[in-house]
Each structure stands twice: as C-alpha cells, then as structure tokens.
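Participant: Can you keep this structure in mind? I'll have questions shortly.
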Amino acid sequence: MRMQLDIAQSYVDQCVRAFAADQLTAVDAAKAKLVTSELAVAVADLGVQLHGGAGYMDEYPISRQYTDARVTTIYAGSSEVMKIIISRDCLSEDYTPFNTRNF
Ligand SMILES: Cc1cc2nc3c(=O)[nH]c(=O)nc-3n(C[C@H](O)[C@H](O)[C@H](O)COP(=O)(O)OP(=O)(O)OC[C@H]3O[C@@H](n4cnc5c(N)ncnc54)[C@H](O)[C@@H]3O)c2cc1C
C-alpha cells in the first residue's frame, strides 16, 4: 500500500509542477483523479479487511474512511468518465506521453 501511495504521490507531484508551469492538461488531471481515487478505495478496502468485522462498524474510523474514499470514484467525474477522457487522448493522432513533456 505504501509503495502504491508513493508512486501515486510522485505522479501528483509532477502534475503540480505541470500546473505551476501552466501546462497541466485535462487529461493529466483525469489520470491523477483516476489513479488517486481508485487507489484510495483499494487502500481503504484493505484497511477494512485488516480490521476484520470491526472494520465494518461505524465506531471505527476505517469504516468512514472507506465510505469517504468510495465516493471519490463517483463524484467530480466518475472513474468511467476519467477512462473515456484518457482513452480518447491515447488513441488520438497527437498523443504525447506525459514523461516526454518538459516542465
Ligand atoms: C457526495 C456527493 C457530492 C457531490 N457534489 C457535487 C457538486 O458539488 N457539484 C456537482 O455538480 N455535482 C456533485 N455531485 C454529483 C456527482 O458529480 C455525480 O454523482 C457524478 O457525476 C455521477 O453522476 P450520476 O450520479 O448522475 O451517475 P450516472 O451519470 O447516472 O452514472 C452512473 C454510473 O454509470 C457510469 N457511466 C455514466 N456514463 C457512462 C459512460 N458514458 N460510459 C461508461 N460508464 C458510464 C458512471 O461512471 C457511474 O458509475 C456530487 C455527488 C455526490 C455523491
């Protein structure tokens, strides 16, 4: 979990640099939204599993953390919509990989 969070943080940091250089695209942002929200759900889900039955109880913060993470794949653009944005870019004629851009 820690490894995946660190990798996602690295991409988000790159996006912040791109934003500061006025070069962040909607596709970059969609990738950041998709990877971080899906990862938040996966990590919170493992946290619930780790707690066993207690993880399901409202008294335990991990239960609320899972609920809070879960909605991030739905609101502000669902994961499916992020995938549509990203795939349109990947299949376009002028697709440019993120790591080949300078900022
Ligand atoms: C807590 C919360 C706060 C919110 N706050 C705001 C806010 O402040 N401002 C605001 O404007 N909205 C807000 N929303 C609304 C939120 O943006 C929508 O819930 C979200 O866009 C999904 O739309 P929907 O609920 O109508 O689901 P639907 O559009 O009906 O989608 C249902 C499911 O179908 C999938 N789907 C839809 N279209 C496609 C497609 N073409 N291809 C594949 N899959 C598809 C979706 O990904 C989703 O999984 C909020 C929602 C919640 C839960």
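The values are calculated or read from the model by the stated rules, or taken from the named source; none is laboratory data. Everything quoted here is computed from the prediction, not taken from an experiment. As a convention, Cβ positions derive from the backbone with ideal geometry for all residues, glycine included, and neighbour counts pool all protein chains shown.
Participant: If VAL43 passes every condition in (1) touching a helix residue (DSSP H, G or I) at 6+ places or on another chain (Cβ under 6 Å); (2) farther than 21 Å from ASN99 by Cα; (3) not small (Gly, Ala, Ser) but one, which one does it miss?
Facilitator: (1)
Participant: Name the residue that is nearest to ILE86 (Cα to Cα), counting only residues in segment 49-72 that are of a type in the set (A, V, I, L, M, F, W, C) and surrounded by fewer than 18 Cβ atoms within 10 Å (Cβ to Cβ).
Facilitator: Only one residue tops the list, namely VAL71.
Participant: Okay, moving on. Looking only at segment 51-88, which residues are small (Gly, Ala, Ser) and away from the ligand (no atom under 12 Å from the Cβ)?
Facilitator: Scanning segment 51-88 gives GLY52, GLY53, ALA54, GLY55, SER63, ALA69.
Participant: How do the pairs read when you match residues in segment 66-93 that are over 12 Å from ALA30 (Cα atoms) with residues anywhere that are polar (S, T, N, Q) and buried (at least 17 other Cβ atoms within 10 Å of the Cβ), using Cβ under 6 Å and keeping only pairs 6 or more apart or on different chains?
Facilitator: Going by the 6 Å Cβ cut-off, the qualifying pairs are THR72/SER37.
Participant: Any residue at all in segment 16-23 that is β-branched (Val, Ile, Thr), buried (at least 17 other Cβ atoms within 10 Å of the Cβ) and either at pLDDT 95 or above or not in a loop (DSSP other than H, G, I, E, B) (or both)?
Facilitator: Looking for residues that are β-branched (Val, Ile, Thr), buried (at least 17 other Cβ atoms within 10 Å of the Cβ) and either at pLDDT 95 or above or not in a loop (DSSP other than H, G, I, E, B) (or both), one finds none in segment 16-23, hence no.
Participant: Taking into account only those residues within segment 51-103 that are hydrophobic (A, V, I, L, M, F, W, C) and outside any helix (DSSP H, G or I), which is farthest from VAL35 (Cα to Cα)?
Facilitator: Residue satisfying both the conditions and the ranking: MET57.
Participant: Six or more apart or on different chains, Cβ atoms under 7 Å: show the pairs whose first residue is in segment 24-46 and under 18 Å from TYR60 (Cβ atoms) and whose second is part of a helix (DSSP H, G or I) and among the hydroxyl-bearing types (Ser, Thr, Tyr).
Facilitator: ALA44/TYR66; ASP45/TYR66
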